[in-house]
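Engineer: Before anything else, here's the structure in question.
Just so it is clear, none of the values below were taken in a lab; they were calculated from the coordinates. As the structure is a prediction and not an experimental result, all values here were calculated from the model. Virtual Cβ from ideal backbone geometry, glycine too; neighbours counted across all protein chains shown.
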Amino acid sequence: MILVVIKSLVDIHSLFPVATWLVPVAGGALIHTRLSKQPPSRERNLRIWLLWFLGLGVGAGGVIGFLEHLLLPEKMAELIGFAPSFFQYEVAVANLTTGVLGLMSLFVRHPLFWLAAIVANSVWYLGDAAGHIYQYAVKDNTATGNIGGPFIIDIVQPLVLILLFAAWTRAMRQAGASD
């Protein structure tokens, strides 16, 4: 399976989702941490990176996924290796749900709200990844949208969010203990 994923990533259509997700999120976070007028700290930097992953990665990504499945159902079904179905409307709404949570994270900056957004996105994306693996293993679905870039994002984004949140909450505790 790893070779199939690597082969799929060679396809520019498979790399496009990864590049359009990672470059703006990481680039925005990096620029934000460098240009911020606040004194640098581990907690602040982790908070900024988490904010960018939630706002842009989860938020904007969810809204884009909503629009893609709602407005381009035939194209999205083809990319994933499925026939078009009304079920895509439900997939669109699920994307919108996590997208709204991600965008709300820009304004509701409470750790428990952010945790809820991370849990919702992680359940959704890791569940998608399991579905992609099933479709590959059982149905031999090697479509670019099934086992390519979106599959990578389905695994990497939740892991990054979980690791960032854990590191950020630890840094907050350490900063509070040193006061």
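Engineer: Place a +1 charge on the Cβ of each Lys and Arg in region 83-179 and a -1 charge on the Cβ of each Asp and Glu, then give the dipole magnitude about the Cα centre in debye, rounded to the nearest 20.
Structural biologist: Using Cβ point charges on Lys, Arg, Asp and Glu, region 83-179 gives about 260 debye.
Engineer: Moving on to the next point. So what J values fall out for region 78-91 if you push phi through Karplus, 6.51 cos²θ - 1.76 cosθ + 1.60 with θ = phi - 60°, rounded to Hz, Gly and Pro as x?
Structural biologist: With coefficients 6.51, -1.76 and 1.60, one gets 4, 4, 7, x, 10, 7, x, 8, 5, 4, 5, 4, 5, 5 Hz.
Engineer: What does the charge dipole of the chain about its Cα centre add up to, to the nearest 20 debye, if the Cβ of each Lys and Arg holds +1 and the Cβ of each Asp and Glu holds -1?
Structural biologist: In debye, rounded to 20, the chain gives about 840.
Engineer: Taking the Cβ of each residue in Leu115, Leu54 as the centre, tally the other Cβ atoms inside 10 Å and list the residues starting with the fewest.
Structural biologist: Lowest to highest Cβ neighbour count: Leu115, Leu54.
Engineer: Based on DSSP H runs of at least 4 residues, each adding -39500 (n - 2.57), what is the mean residue ellipticity at 222 nm of the chain after dividing by all its residues, to the nearest 500 deg cm²/dmol?
Structural biologist: Rounded to the nearest 500, it is -26500 deg cm²/dmol.
Engineer: Another question about this same structure. Note the full-extension length gain between Lys139 and Arg42 as 0.36 nm times their separation in residues minus their Cα-Cα distance, in nm to one decimal.
Structural biologist: 30.4 nm
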